[in-house]
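The values are calculated or read from the model by the stated rules, or taken from the named source; none is laboratory data. These numbers were taken from a predicted model, which means no experiment stands behind them. Ideal geometry is used to build each Cβ from the backbone, glycine not excepted, and the neighbour counts take in all protein chains shown.
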Amino acid sequence: MQKINWTQAAPGVWKATVGSPGGLTPLTCLNRKPRTEAMKELPEGNWPLSEEEIELRILTAGGSLLSLPLDPGEELYGTGLQFMRMNQRGRTRYLRVNSDPKQDTGETHAPVPFLVSGRGYGILVDSARAVTFYCGSALRQQEDAAAQARDRNMDRGWKATPVSDRLEIRLPQEGADVYLFAGPGMQDAVRRYNLFCGGGTLPPRWGLGFWHRVPTLYKDSEVEAEAREFRARDIPCDVIGLEPGWHSASYPVTYEWDAVRFPDPAGFVGRMKRSGFQVNLWEHPYLSPESALYDCMRKLSGSYSVWGGLAPDYTLEEARKLYSDQHDREHVSLGVSGYKLDECDGSELTRNSWMFPAHAEFPSGHDGEQMRQLYGLLLQDMTDRLYRGKNRRTYGLVRASNAGASNLPYVLYSDLYDHRQFVRALCNASFCGLLWTPEVRRADSAEDWVRRMQTVCFSPLAMLNAWGDGVKPWSYPEAEAIVKHYIRLRMRLLPYLYTVFAEYEMKGTPPFQAMPLVLAAEKPKKGDPTGAGLHASTEGESPNGFNTTEGAYGKQTEREWDDQFCIGRDLLVAPMFAGETGRDVLLPDGVWYEAETGVRHEGGRIVHVNCPLERLPLFIREGAVIPMMPALDHVPAGDTMIPIEMIHFGSVPGEGLLYDDDGETFDYEKSGDGWRKVSVTQTADGRFAGTAANGGPERRYSITGWRFAQTRLPLE
């Protein structure tokens, strides 16, 4: 065994350097400053493990193995954007960037080598290599392995993966920096990780409105006509996205406007902005020979081509400057609001292989494996810094990411399209500083269409992507009114969403939270020492008793509750799927109200709700004070004041926070006075009264009224 030397890197964070890691890593690539002052405000974080129990072994095959103890019932969450399961205990995770993660191996668009334990601590491996986590899935001989032997033919207790009491992490050949994040709870460890990576991201206010992407070969007049249709139908929309056809050539790309489809880019972007639409541009990293950048980028690119184009080495400052200057000159200076960064992930081992290989060489000295792991981060970082230099916030989409991404204003998406997996990915993103959109592209039926649109309207980025088949919110006439209702409801809830993201940016609290994080933040329940609370009583309300799901080889496993989540503290969303007329919902402690019917439920149990197609299971916590604005066509720009109404729920007093700034710039980082404390009190005669702090000089909300003791969201 090798000795591990741990040093404190930040409040409640310890670092150990194993081997001789050199070169760029996700954290050094982004170089974000930890939010140490905010970390000091977290509950005191003590060393989470016994140092004697942490082992480091040098492997004969090269590299090293870091090993940590696991309790019998310890749950492990994280490892990035995982689609197949939420609790990773008992699984092996090979954390390589992959555009086609259809198998449960750990490969995914954003394979973050960060785990958070049900015991209340987190561990991160900062490396540009693909790291492997054995999450209690490798049984050592000295663990009395013989006692777990079973006869598969006759013994129903046989398991494909025997239970191990160790978490083992195979570190890269050269080693890596390893970080331990204290709790004391899981949410504390996740918040500490996010703050260590620079805090969360606060999108511009318009970024939380509704997005629509047009078909790939639309020309300017077609885009503008489709935008006008949104306004004519009274459906809010803030962002219109252009797909590959805006380029003069794509696959590989030029980053230059097509002169036929967009003869006057500045005029087009200006007209769209005057109509209240931000313009987002699709692109990918691979540079076409037809681009004006091609010749000067050749010497700064990798040794392998992608689609006949260059794969630039964006770890080089010269390449970053060429990219940024061109994007500033031809996009950002015209008013373009941001980017959709596609195909920065790659697939190398499938029949659709197209990425540069792992043995590709880049001028910086990095190889293809490292560049593939970092490409998504590099593109996000370049564009984020470009907008920061203009004192403009951006919000966009990306198809690959890695550790340290909390502070980046990007939301992940995928070419996969399973609705249930999309919801699971949204939950899993909350464990390691990622955001995910279950974007809508098509549907098998009007029912599937509605259920997908309801889900996306309660996600970090609400988007309909019509690039391939031209779908619109009104594509199913029989469902248009339902879809319109939920897009408008999202717009009305935008002040609440904005406040939730402000808590992410400044306090590290994930805006969208999987149930283990929600329940672990509560007082641990009897018989549930981890505080995860996932095994709540059904109290007779669930017709199926305690729910189970199919595990490996047909074994039954406890339900993970990976199909519901909370937005902030006070809003719980339980998506429905095509073919369902009702579902079970696990409610945290307290009293909860069905937001659209007013039905009251005691929490701390599983309840069953029946939901017709026109309704989504949406719950609001008693005592919550929810700020709501009108369902405007779009978020007003500039210093326009936005009227909001404060909605208080239930029969008990409540308090909360409202975040309010200009919604567009980074001025809030200097002033820091955007928080407005909100309180609802009750007098002796039972009447309620509400107060709200004034806020700072950049505030945009004007509180026009209060509603008290509500049990449902008010009608428009």
- Query: Any idea which of G45, G73, G78 is of a type outside the set (A, V, I, L, M), touching a residue at least 40 places away in the same chain (Cβ under 8 Å) and at positive phi?
  - Reply: G78
- Message: Every residue in the range 282-312 that is outside any loop (DSSP other than H, G, I, E, B) and touching a Leu at 6+ places or on another chain (Cβ under 8 Å), please.
- Response: W282, E283, L287, Y294, C296, M297, R298, S301, G309, L310, P312
- Query: How about the range 605-653: which of its residues are under 26 Å from W561 (Cβ atoms) and part of a strand (DSSP E or B)?
  - Reply: R605, I606, V607, H608, V609, N610, L618, F619, I620, R621, I626, F649
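Let's see how each residue does on (1) of a type in the set (A, V, I, L, M, F, W, C); (2) surrounded by 19 or more Cβ atoms within 10 Å (Cβ to Cβ); (3) without any contact (Cβ under 8 Å) to a residue 12 or more places away in the chain; (4) within 29 Å of A400 (Cα to Cα):
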position: P215; (1), (2), (3), (4): no, no, no, yes
position: K219; (1), (2), (3), (4): no, no, no, yes
position: V223; (1), (2), (3), (4): yes, yes, no, yes
position: F230; (1), (2), (3), (4): yes, yes, no, no
position: C237; (1), (2), (3), (4): yes, yes, no, yes
position: E243; (1), (2), (3), (4): no, yes, no, yes
position: V253; (1), (2), (3), (4): yes, yes, no, yes
position: L281; (1), (2), (3), (4): yes, yes, no, yes
position: L287; (1), (2), (3), (4): yes, yes, no, yes
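Every residue, every condition in (1) touching a residue at least 60 places away in the same chain (Cβ under 8 Å); (2) more than 17 Å from C432 (Cβ to Cβ), yes or no:
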position	(1), (2)
L374	yes, no
D381	yes, yes
R385	yes, yes
T394	yes, yes
S406	yes, no
V411	no, no
- Task: Residues being within 19 Å of A225 (Cα to Cα) and under 28 Å from the mean Cα position of the chain (by Cα): count how many of those fall in the range 273-307.
- Result: 7
- Do we have any residue at all in the range 394-408 that's touching a Gly at 6+ places or on another chain (Cβ under 8 Å), among the aromatic types (F, W, Y), assigned to a strand (DSSP E or B) and crowded, with 21+ Cβ neighbours inside 10 Å? no
- Message: If I filter the range 265-272 for residues that are surrounded by 21 or more Cβ atoms within 10 Å (Cβ to Cβ), part of a helix (DSSP H, G or I) and of a type in the set (V, I, T), do I get at least one hit?
- Response: yes
- Query: Can you spot a residue in the range 175-192 that is out of contact with any Pro (no Cβ under 9 Å at 6 or more places or on another chain) and either acidic (D, E) or surrounded by fewer than 17 Cβ atoms within 10 Å (Cβ to Cβ) (or both)?
  - Reply: no
- Message: Quick check on my filter: what residues within the range 59-83 are among the aliphatic types (A, V, I, L, M), more than 14 Å from F133 (Cα to Cα) and surrounded by 13 or more Cβ atoms within 10 Å (Cβ to Cβ)?
- Response: L81
- Condition met for G199 (buried (at least 23 other Cβ atoms within 10 Å of the Cβ) and within 16 Å of L397 (Cα to Cα)): no
- Task: Enumerate the pairs (first residue in the range 566-593 and within 25 Å of L435 (Cβ to Cβ) and among the β-branched types (V, I, T); second residue anywhere and assigned to a loop (DSSP other than H, G, I, E, B) and at pLDDT 95 or above) with beta-carbon separation below 7 Å, excluding pairs fewer than 6 apart on the same chain, so at least 6 apart or on different chains.
- Result: I567/F458; I567/P511; V573/F458; V573/Q564; V585/Q564; V585/A574; V585/P617
- Message: I'd like to verify a number: residues in the range 19-61 that are outside any helix (DSSP H, G or I) and among the β-branched types (V, I, T), how many?
- Response: 4
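Going residue by residue through the range 315-330, is there one that turns out to be in a loop (DSSP other than H, G, I, E, B), within 22 Å of P26 (Cβ to Cβ) and modelled with pLDDT of 95 or more? I'd like the intermediate steps shown before the answer.
To start, the set of residues in the range 315-330 that are in a loop (DSSP other than H, G, I, E, B) comprises 315-316.
Going one step further and asking which of them are within 22 Å of P26 (Cβ to Cβ), we end up with 315-316.
Of the ones still in play, those that are also modelled with pLDDT of 95 or more are 315-316.
Yes, that holds for at least one residue.
Let's see how each residue does on (1) hydrophobic (A, V, I, L, M, F, W, C); (2) surrounded by fewer than 18 Cβ atoms within 10 Å (Cβ to Cβ); (3) in contact (Cβ under 8 Å) with a residue 60 or more places away in the chain:
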site	(1), (2), (3)
L618	yes, no, yes
G638	no, yes, no
K670	no, yes, no
R699	no, no, no
T711	no, yes, yes
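Anything in the range 425-441 that is crowded, with 24+ Cβ neighbours inside 10 Å and either in a strand (DSSP E or B) or in contact with an Asp or Glu (Cβ under 8 Å, 6 or more places away or on another chain) (or both)? List them, or say none.
So the first thing to find is which residues in the range 425-441 are crowded, with 24+ Cβ neighbours inside 10 Å, and the list is 425-436, 438, 440.
Passing the criteria: C427, N428, W436, V440.
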